[in-house]
Amino acid sequence: MKGERKTPPAIKGTQDILPPYVKKWQKAETEAKGLFELYGYKEIRTPVFEPTELFQKGTGPTSDIVTKEMYTFVDKGGRSLTLRPEYTPSVVRAIIEHRLYLQPEPLRFYFIGPMFRYDKPQKGRYRQFHQVNIEVFNEKDSAIDAEIVEMADILLHKLGVSDIEVLVNSVGCKKCRPSYHQELKSKAQAQKELLCEDCQRKIETNPLRIFDCKKETCREVSQEFPKIIDFLCSECKEHFEKFCSYLDSYQIPFRVEPRLVRGLDYYTKTTFEIVSSRLGSQDAVLGGGRYDDMMTEFGGPDICGIGFAMGMERLLSVMPYRAEKDQFLYIVYLGEEAKKEGMELVRELRREGVPCLIEYKDKSLKNQMSRANKLEATWTLIIGEEEVKSGEYSLKNMESGVQEKVGREGIREAVKGR
RNA sequence: GUGAGCGUAGCUCAACUGGCUAGAGCACCGGACUGUGGAUCCGGAGGUUGGGGGUUCAAAACCCCUCGCUCACCCCA
């Protein structure tokens, strides 16, 4: 690799998205945007970097993201800034900053953009990755929880993603979680010897995460542990039951997964994931939940929130896609006079919205035709001396090989008739 | 951050147990064919074998270091 010595390569965990593949991104983005707009969501765009403090507070000072995965740097003014590792705190900040909560509720936003986490890359996990996010603020009713899951489900089906499963859970709230934690801790403590080293540590730091362990023995032991579902306060319990019943009425298959403990500490009540068996170890295409307390923790009004994030790279890796060929006209010519006529014509056609290209190398006609073929032109328009004189061009359909003489009007008809 | 596997031409891969000038297919460029693409034939270009060091008469191969990729752990989209 001669170039690699001179040119610094793309940095670890980032990637170039090259032209043929960009089409697939565009398809997914367009479908997502279209669907979100249909559900009343408005696009919002926030800066890629924010004060470090925003994520420390919003994402949680003890979370892995904040403690070891942030791209944090000091700018020339001495401020500590961080490339956003997730997007929810930014929206919450924007809502408070612009008093968006004074607008008619509920507020629905969507957003598409890059996120940054200093993680070790592997399948479905990159240092710069892209998320499609949606958030709804100021809607307590669990019907919105169901609507969001339904929208996500529809989106994935529209994009042809199969082999997916909807997982849901409730992680309770400030009122009911502490007592559950207590109970879980003491039960785990009692069986401590049976758990792996990691899980023994988790008993103190974050007992919920024991459910996540992939070791067979830990899974067996944790089966017997109390489930948060059984400890929900009446409000959370009702919320969750209604949520499930709404999903039923939407006829969306789902599985209650008590082990579903999302890694971000701010979640309350509903959490959910949509996983695909066709992904690797990182199998969540999309994940989210409710965060009823974040706004007040930022000093804003008491407004609840709920949303999900979908990983674009993960989505695209399980999304089927067949690129369609671009249709365009390729103009070839013989001689300077014909070239000028071609240049004029190509300009005219482009102004009318006809995609076309003109060859600039004055080589043999054969050579130019060969180029048109390699570029996969739909039609080739030949301008030679004869054509200049008569004003009738030779239009060749490159697939069928059929060639006909056409005037300027004839070009438009042929090209638009497709 | 921890662990494992892998780095040979743009791509897919060869090169025995350490032994000739590191090869082939596809792709690319040109010619056969200067007013007609795709097929065929002929030719050309393209490599410090990821990088550095070591062992050896001799290294793509063996050893050490390093970088990168891949997968898994942790965690997450």
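Is it fair to say residue A:224 is outside the structural domain of residue A:61 (by TED's automatic domain parsing), more than 35 Å from the chain's Cα centre (by Cα) and modelled with pLDDT under 85? So residue A:224 fits the description; yes. Per this entry, residue A:372 is counted among residues that are open to solvent by less than 40 Å² (accessible area, probe 1.4 Å), assigned to a helix (DSSP H, G or I), touching a Ser or Thr at 6+ places or on another chain (Cβ under 9 Å) and touching a residue at least 40 places away in the same chain (Cβ under 8 Å).
Residue selection: residue A:300 fails the criterion of being part of a loop (DSSP other than H, G, I, E, B), at negative phi, near RNA strand B (Cβ under 8 Å from one of its atoms) and surrounded by fewer than 23 Cβ atoms within 10 Å (Cβ to Cβ). Meeting the requirement of 1 or more residues that are within 14 Å of RNA strand B (Cβ to nearest atom) and surrounded by 11 or more Cβ atoms within 10 Å (Cβ to Cβ), the strands (runs of 3 or more DSSP E) wholly within the range A:1-110 are A:71-74, A:80-83. For the range A:38-58, a residue qualifies if it is without any contact (Cβ under 8 Å) to a residue 24 or more places away in the chain and either within 17 Å of the chain's Cα centre (by Cα) or farther than 26 Å from residue A:324 by Cβ (or both), and exactly one does: A:56. Residue A:335: assigned by TED's automatic domain parsing to the domain that holds residue A:65, small (Gly, Ala, Ser), in contact (Cβ under 8 Å) with a residue 12 or more places away in the chain and more than 30 Å from residue A:219 (Cα to Cα), yes or no? No.
For (1) closer than 30 Å to residue A:99 by Cα; (2) open to solvent by 40 Å² or more (accessible area, probe 1.4 Å); (3) touching an Asp or Glu at 6+ places or on another chain (Cβ under 7 Å); (4) at pLDDT 95 or above, each residue gets a yes or a no:
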| residue | (1), (2), (3), (4) |
| --- | --- |
| A:151 | yes, no, no, yes |
| A:157 | no, yes, no, yes |
| A:160 | no, no, no, yes |
| A:163 | no, yes, no, no |
| A:175 | yes, yes, no, no |
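Within the range A:310-338, the set of residues being within 11 Å of RNA strand B (Cβ to nearest atom) and touching a Cys at 6+ places or on another chain (Cβ under 8 Å) comprises A:330 only. Selection of the range A:377-401 for residues being more than 8 Å from RNA strand B (Cβ to nearest atom) and over 22 Å from residue A:352 (Cβ atoms) yields A:389, A:390. Could you please let me know if residue A:229 is more than 11 Å from RNA strand B (Cβ to nearest atom) and either open to solvent by less than 20 Å² (accessible area, probe 1.4 Å) or not small (Gly, Ala, Ser) (or both)? In short, yes. Quick check: is even one residue across the range A:180-197 within 28 Å of residue A:309 (Cβ to Cβ) and under 32 Å from the mean Cα position of the chain (by Cα)? No, the range A:180-197 has no match at all. Only residues that are buried (at least 22 other Cβ atoms within 10 Å of the Cβ), away from RNA strand B (no atom under 13 Å from the Cβ) and not in a strand (DSSP E or B) were counted in the range A:269-294, giving 1. For the range A:399-414, the tally of residues that are open to solvent by 30 Å² or more (accessible area, probe 1.4 Å) and touching a residue at least 40 places away in the same chain (Cβ under 8 Å) stands at 2.
The listed residues are A:357, A:329, and the only one of them that is touching a strand residue (DSSP E or B) at 6+ places or on another chain (Cβ under 6 Å) and open to solvent by 30 Å² or more (accessible area, probe 1.4 Å) turns out to be A:357. Considering the range A:124-158, the residues that are acidic (Asp, Glu) and not in a strand (DSSP E or B) include one that is nearest to RNA strand B (Cβ to nearest atom), namely A:153. For residue A:259, the conditions (1) more than 10 Å from RNA strand B (Cβ to nearest atom); (2) surrounded by 20 or more Cβ atoms within 10 Å (Cβ to Cβ) all hold with the exception of (2).
The values are calculated or read from the model by the stated rules, or taken from the named source; none is laboratory data. For clarity, every value in this text was computed on a predicted model and none was experimentally measured. With ideal geometry, Cβ positions are generated from the backbone for all residues, glycine too; neighbour counts draw on all protein chains shown. Surface areas here come from the heavy atoms of the whole protein model, side chains and all, with no ligands, DNA or RNA. Shrake-Rupley method; radii C 1.70, N 1.55, O 1.52, S 1.80 Å.
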